[in-house]
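Worksheet: the structure to be examined is printed underneath.
Coordinate-derived values only; no laboratory data. Given the structure is predicted, the values throughout are model-derived calculations rather than measurements.
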Amino acid sequence: MNQLLFQNILSKFPSQYIKFAFAYGSGVFKQLENDPKKSNSMTDFVFVVDDSIKFHDENLKMNSSHYSFLKYLGPYYLSKIQNDFGAACYYNTLVPLKIDSENFLIKYGVVSEDALIRDLYDWDYLYLSGRLQKPVRMIKKPLRKPLPETGSSTKTLENQITDDLDPNQDNIGINVNYSFESVSKSIDLALQTNLKNALHTALLLLPEKFTLFELFVCITSLSYSGDFRMIIGENKQKVENIVTPQIERFVHLYKPYLIKETFENHLTCNFETGKLTQSLNQHTIYHHLSLLPKNLIQTIVNYKFKTTHFYDLEEYIYKLTHRVDYKDIVREAVTSIVKHTSLSQSLKGVLTAGAVKTVDYSVRKLKKMVKK
């Protein structure tokens, strides 16, 4: 794996303000019926920054062409648009990069560390938290400048960022020639909490008996439920196409939390056969409901009980535990969060991308959908 590529990518941006970054999607991991090695494949990145205003200020100097007409508003208002609208993430799309005489096409989002942590813990938007419920490639900055690499062969971006990596480990991307700083403890804890949030939610939606594949399909579908782009612009088999070739990566992500649930007698899991059985008694249902992220459980209460008065959250969770339709209630609450976020973020994307790139990006999505 050419770790130097990661550093070359970050060097094109104000990396001094990037706490860490990750790459995701079909441009990084193989999906069924998708070939990320094609020259027109776009790779998605997210840059987590500690100061959005300073990042945009410097990025405007380095990469003004990446921005739409909004660049004329200046870094302060770019930061306001980033944080106050949609999912608190500002995307520049269809950005061409030239690295070592090779041309790449990327899309990158900018999010503040605080906003990301809130979404991971509470599912304020279920947007980037949804991305991080699936395998991604963590990119970490070097503490010292990496040595030049010699004799490297020409590869696609997908080749260079996926070779010899172990998904979502603390040492991901670490090459023996480099020394990397860890993601901050606060982000590490938030990432772990997000995975647990996804597992508890999925277990509430699943029947007594299911498979690891069905579990991961359920988890992956959470952030797509209610997304209008799944009706127009996305392959209808997208979720299955994501999960099928990545079962081992999903197992690697969720195995510690599945083992914990097994120890606590909430389920049994056989990793060899891929079969699971969970308890559906009220004690276990209450256990999962009480560990749902803040925004999801509040959405459930507001949606089902329609109260604007002060309420004891524990009391409503207890009431929900005794309802036969608790699965439908949880599912509808997830859909509600995603529906609102996907619409507002997409409308924001029209502004941040500009008219030409919006049309180009939409045509690409529609071509993929028709093709599949």
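Couple of notes before you dig in:
- Normalised by residue count, region 188-343 yields a Cα convex hull volume of 128 Å³ per residue.
- For region 235-333: relative contact order, % (alpha-carbon pairs under 8 angstrom, 6 or more apart): 18
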